[in-house]
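Input: a single structure, listed below in structure tokens.
The values are calculated or read from the model by the stated rules, or taken from the named source; none is laboratory data. Fair warning: this is a prediction, and the values are worked out from it, not measured in the lab. Here the Cβ is made from the backbone with ideal geometry for all residues, glycine too, and neighbour counts use every protein chain on show. Keep in mind that these areas ignore ligands, DNA and RNA; they rest on the heavy atoms of the full protein, side chains included. Shrake-Rupley method; radii C 1.70, N 1.55, O 1.52, S 1.80 Å.
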Amino acid sequence: MNIKKNLYNNEKELIRQAINNDRMAQKHIFTTYSPKMLGICRRYIKDIHLSEDVMIKGFVKIFSSLQNFSFQGSFEGWIRKIITNECISFLRSKKQLFYTEETYYFEEIHDEINQQFSVEEIEKLIDSLPDGYRIVFNLYAIEGYKHSEIAKMLGISEGTSKSQLSHARKILKKQITLLNN
């Protein structure tokens, strides 16, 4: 068992073993990445039980396509992309993605936070956003996708992505201002 544990210190070897259906290697990958991936699912899907279901479905896709990982870039980034796409697919299937085609205007959120907010408080603020705003905000501000990538992922225009982000920021700024007063 100690020999196997040492093999898991090498990510490439761990992935190769998982590709060869080594259940312990697969379990190691799951236990290493599932907490973070559940957090990602939770940002997109408000219901924790549905988030867990989507995460599990994402890991099924991860393990079934593990041989496609090219060892270029971050393994966690590759997993994150699959999980994020799974969340978006789930929301699309539930017809929960709504976007308004509006002209883009940009309003920067200034650093007006006068107090510390807990992670739970920030999650509640983001959860309160309309679905389209929340999805684009998560993809852009948290996941780091560019508007062109978001537009392609969601099947919307780049301008709509920018508009959704702008509206999300405006709402969050308003909520933060109210909490600070």
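The requirement of being outside the structural domain of N85 (by the TED database), touching a helix residue (DSSP H, G or I) at 6+ places or on another chain (Cβ under 9 Å) and touching a residue at least 24 places away in the same chain (Cβ under 8 Å) is satisfied by S163. Here is the figure for region 135-172: residues that are among the basic types (K, R) and not in a helix (DSSP H, G or I) total 1. Among the conditions (1) under 23 Å from M37 (Cβ atoms); (2) open to solvent by 30 Å² or more (accessible area, probe 1.4 Å), the only one that P130 does not satisfy is (1). Conditions: (1) out of contact with any helix residue (DSSP H, G or I) (no Cβ under 8 Å at 6 or more places or on another chain); (2) open to solvent by less than 30 Å² (accessible area, probe 1.4 Å). K94 meets all but one. Number of the miss? Unmet condition: (2).
Listed here are the residues, each with its yes/no results for (1) within 21 Å of R80 (Cβ to Cβ); (2) crowded, with 17+ Cβ neighbours inside 10 Å; (3) of a type in the set (A, V, I, L, M, F, W, C).
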site: S118; (1), (2), (3): no, no, no
site: I122; (1), (2), (3): yes, no, yes
site: I142; (1), (2), (3): yes, no, yes
site: L165; (1), (2), (3): yes, yes, yes
site: K173; (1), (2), (3): no, no, no
site: L178; (1), (2), (3): no, no, yes
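One residue stands out in region 14-35 among those that are of a type in the set (D, E, K, R) and surrounded by 14 or more Cβ atoms within 10 Å (Cβ to Cβ): the one that is farthest from S70 (Cα to Cα), namely D22.
Scanning region 152-163 for residues that are among the small types (G, A, S) and either open to solvent by 10 Å² or more (accessible area, probe 1.4 Å) or under 19 Å from C41 (Cα atoms) (or both) gives G155, S157, G159.
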